[in-house]
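Structure first, commentary second.
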Amino acid sequence: MSLAESLKLKSLSLITGNKAIKAPSPGDVVHRVFTGKKGEKEHFFTITAPEGLNFKEQVQHIETHYTQKLRSLNLASNTAVFRRIFLSDAHNQADAVRRSATICGTVEHPVAVSILQQSPIPYAKIALLSYHIESEKPLIRRRISSRHVLIRKNGLGHLWSTGLCSQDIDTTFSPARQTRNAFKELIAALSAEKGNLADNCVRTWIYLRDIDTCYQSMVKERRELFLRHGLTEDTHFIASTGIQGSNAHLHDLVHMDAYSILGLDPKQISYLNDFDKLCAAKSYQVTFERGTRIAYEDRSHFLISGTASINNRGVCLYPDNVLKQLDRTLENIDSLLQAGKASLADMMYLIIYLRDPADSSAVRTRLSQLLPAVPTIIVQGSVCRPEWLIEIEGIAIAADHQPSCPPF
């Protein structure tokens, strides 16, 4: 059975009742929400600006349509927790984005904002991914520094860390040193809140200005750093994406975002694998988990690492066919989710990284057929192996019943 047939049989976001879901048009805000048993909601939004506008007009489009969508949902802007901004030219565009209260939040209501250069495609200068939590009690939030925002909720601390980098202070152009320094800052922030890397960090995103030349140095440094902090093949690693991307600083070869949970009970965490479909990353000396499941009282979060068209021997499949790579990548993600009793139907958003922007039209058409209701952003971002034309990551949320776990 083909992937498309399988998805249709599962009614995977293709229909609601008997009514087909219309694929979004360029410039639309795409929204998905998970509602818990007590009515608490987690919202995810994506919007890619339409082509044919200058940068200022594209920012205004994002601000206007995003604000209108929040109002239509009666969702206060101060429910925002995390936003990622994808830019076509971060060096010249980042300052303008930082001046936008709609996107970057306010002093009274801090939001963790990640700004990176990964050109939204096709033809956009800016795209937005946004995550909101709607609860009966207002979130308790604190900006620890310009790079860390801590959200306290139901006894847990959700630490969002963004833009961990040298900020042009390190001009050695050493990806290993810059990787070490990014993790050093994360570890210091966790330590200040009585946490640590091994027990509390559950997700990282590592961006490399030139992945073809920097990736192996980053991998080697991360492996050695993990070993010093108790992260080994015998314990566990961290869900992660390592992808091409840059920031507004000219000397930064590496920068990182991270998500950590303070107060996490080890019994809440499990790791997602399907060894019939794809091998563990450690099989080829790369230290990350394919996916991580975080269990709560009424739901589970599934943090899906950057995933590509790979088989259970670590071999790239369909090296010259982006659509077959797309299908295999989605199959791999679905298999990881099935290992945690979820499926692609539970995906709350997808980020699609393409090596070649010329593939975007075919990929977008296929996704509009398979997953039209899932908020999706497509960006240019080369993967760690040149033969991989596409990589996909995202977060899924599925209803669960775990009375022994804390509420989200």
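Bear in mind that the values in this text are calculations on the coordinates, not laboratory data. Nothing here was measured: the structure is a model prediction, and the numbers come from that model. Counting neighbours? That spans all protein chains shown, and the Cβs are built from the backbone with ideal geometry, glycine included.
Below is a table of values for the structure above.
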{"item": "Extension gain, residue 401 back to residue 54 (0.36 nm per residue minus Cα-Cα distance, nm)", "result": "120.1 nm"}
{"item": "Local electrostatic count at residue 307 - Lys and Arg +1, Asp and Glu -1, tallied over other residues with Cβ under 12 Å", "result": "-3"}
{"item": "Residues whose placed amide H lies under 5 Å from that of residue 203, excluding near-sequence neighbours", "result": "259"}
{"item": "Value of [θ]222 nm, deg cm²/dmol, for the chain, DSSP H segments ≥ 4, -39500 (n - 2.57) each, nearest 500", "result": "-8000 deg cm²/dmol"}
{"item": "Value of relative contact order over the chain, rounded to a whole percent, pairs C-alpha under 8 Å and six or more apart", "result": "18 percent"}
{"item": "Theoretical FRET efficiency, 1/(1+(r/R0)^6), r = Cβ-Cβ of residue 188 and residue 99, R0 22 Å, to 0.05", "result": "0.15"}
{"item": "Whole-Hz ³J(HN,Hα) from phi, Karplus 6.51 cos²θ - 1.76 cosθ + 1.60, for region 226-235, glycine and proline x", "result": "4, 4, 5, 10, x, 9, 9, 4, 8, 10"}
{"item": "Whole-angstrom gap from region 315-348 to region 148-173, using each part's C-alpha centre", "result": "30 Å"}
{"item": "Per-residue Cβ neighbour rank within 10 angstrom, fewest leading, 249, 301", "result": "249, 301"}
{"item": "³J(HN,Hα) computed for each position of region 342-353 - Karplus, 6.51 cos²θ - 1.76 cosθ + 1.60, integer Hz, glycine/proline x", "result": "9, 7, 4, 4, 9, 5, 9, 6, 9, 10, 9, 9"}
{"item": "For region 398-408, Karplus couplings with θ = phi - 60° (6.51, -1.76, 1.60), whole Hz, Gly/Pro x", "result": "10, 4, 8, 9, 10, x, 7, 9, x, x, 6"}
{"item": "The chain - charge dipole about Cα centre, Lys and Arg +1 at Cβ, Asp and Glu -1, debye rounded to 20", "result": "700 debye"}
{"item": "Whole-Å distance, taken between Cα centres, linking region 104-142 and region 227-266", "result": "19 Å"}
{"item": "Candidate values (i) 35, 24, 22; (ii) 29, 27, 25; (iii) 26, 25, 24, label of the one derived for semi-axes √(5λ) of the Cα gyration tensor in Å", "result": "(iii)"}
{"item": "Cβ-defined net charge surrounding residue 362, 14 Å radius [Lys, Arg +1; Asp, Glu -1]", "result": "0"}
{"item": "Positive dipole terminus of region 29-103, leading residue within 49, 35, 75 (C-beta point charges)", "result": "35"}
{"item": "For residue 142, net neighbour charge (Lys/Arg +1, Asp/Glu -1) across residues whose Cβ lies under 15 Å away", "result": "+4"}
{"item": "Packing-based exposure ordering (other Cβ within 10 Å, fewest first) of 351, 269", "result": "269, 351"}
{"item": "Most mobile of 30, 254, 286 in a GNM of the chain (Cα contacts under 10 Å)", "result": "286"}
{"item": "Eligible aspartates and glutamates near residue 22 by straight Cα distance, threshold 19 Å, same-chain separation 8 or greater", "result": "5, 346"}
